[in-house]
Amino acid sequence: MDNMNGILMIGISFALILLIAAMRSRTDLLINFIMRAVLGTLAIYFINMFLGSQGFSWHVGIGPLSIVVSGFLGLPGIGLLYGINICSML
């Protein structure tokens, strides 16, 4: 019976360690997404200001879809948004 209790305690502690590691990685992913979304929104804002000062009308709106795209894809997502906007204007 002592061996079963020892094996059970080792199994429970192993499961808790895996649970803590999984929660930490999810938290890191969420923080990473939020940081990319905030920085991507700021990048869109400043790129729009720069393009406006140069006389171009190629600006991307800041809305939920553009925030999600920049959060998931980062800088390539911002380039994708501007590429789609330029192609739609042609």
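The values are calculated or read from the model by the stated rules, or taken from the named source; none is laboratory data. For clarity, every value in this text was computed on a predicted model and none was experimentally measured. Glycine gets a Cβ as well: all are built from the backbone with ideal geometry, and neighbour counts include every protein chain shown. Heavy atoms of the whole protein, side chains included, go into the accessibility calculation; ligands, DNA and RNA do not. Shrake-Rupley method; radii C 1.70, N 1.55, O 1.52, S 1.80 Å.
If you build the Cα gyration tensor of the stretch 26-88 and take the root of 5 times each eigenvalue, what three semi-axes come out, in whole angstrom, biggest first?
Values: eigenvalues 109, 26, 12 Å².
Largest first, the stretch 26-88 gives 23, 11, 8 Å.
How much accessible area per residue does the stretch 26-88 have, counting only protein heavy atoms and a probe of 1.4 Å, in square angstrom?
Values: 4290 Å² over 63 residues.
That works out to 68 Å² per residue.
Which order do peptides 67-74, 79-86 fall in by mean Cβ count within 10 Å, highest first?
Descending mean neighbour count gives 67-74, 79-86.
Which percent of the accessible heavy-atom area of the stretch 26-88 goes to carbon and sulfur, probe 1.4 angstrom?
Working: 3300 of 4290 Å².
Here it works out to 77 percent.
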